[in-house]
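The values are calculated or read from the model by the stated rules, or taken from the named source; none is laboratory data. This structure is a prediction, so every number in the text was calculated from the model and none was measured. Here the Cβ is made from the backbone with ideal geometry for all residues, glycine too, and neighbour counts use every protein chain on show. Side chains included, ligands, DNA and RNA excluded: accessible areas come from the protein's heavy atoms. Shrake-Rupley method; radii C 1.70, N 1.55, O 1.52, S 1.80 Å.
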Amino acid sequence: QVKPQLESKANKTFGILKAIIYRTQVVAGTNYFIKVQVSDDDYVHLRVFQSLPYENKGPSLDGYETGKTKDDPLNYF
């Protein structure tokens with residue numbers, strides 16, 4: 001659901017977007033930190049916010065880090 005948001009913010013088109021691992025942080029909703037594979041050797045870390053159900057909003061891309069590798073740790077950012 002956040003692929004168009006990432007492509008717009010990064011000004012780049014990604015052929016694949018495969019989630020590899022994720023972490024969560026509960027706030028007034030949930031932050032998801034997701035390691036995503038975008039090519040054979042290229043990874044992006046995403047921070048996606050999902051608001052509480054009563055707000056009736058979809059997930060939003062709050063941040064991303066490019067230039068990551070498969071072995072880079074998924075840290076909060």
- If you go through the range 47-61 one residue at a time, do you hit one that is aromatic (Phe, Trp, Tyr), out of contact with any Leu (no Cβ under 9 Å at 6 or more places or on another chain) and over 19 Å from residue 9 (Cβ atoms)? yes
- Message: If I filter the range 48-61 for residues that are open to solvent by 50 Å² or more (accessible area, probe 1.4 Å), under 15 Å from residue 18 (Cα atoms) and not in a strand (DSSP E or B), do I get at least one hit?
- Response: no
- Exactly one condition in (1) open to solvent by 50 Å² or more (accessible area, probe 1.4 Å); (2) at positive phi is not met by residue 29; state its number. (1)
- Taking only the range 67-77 into account, find how many residues are charged (D, E, K, R) and free of Cβ contacts under 8 Å to residues at least 12 places away in the same chain. 1
- Can you run down the residue pairs with Cβ atoms below 6 Å, 6 or more apart or on separate chains, where the first is in the range 38-66 and over 17 Å from residue 76 (Cβ atoms) and without any contact (Cβ under 8 Å) to a residue 40 or more places away in the chain and the partner is in a loop (DSSP other than H, G, I, E, B) and among the basic types (Lys, Arg)? 51/57
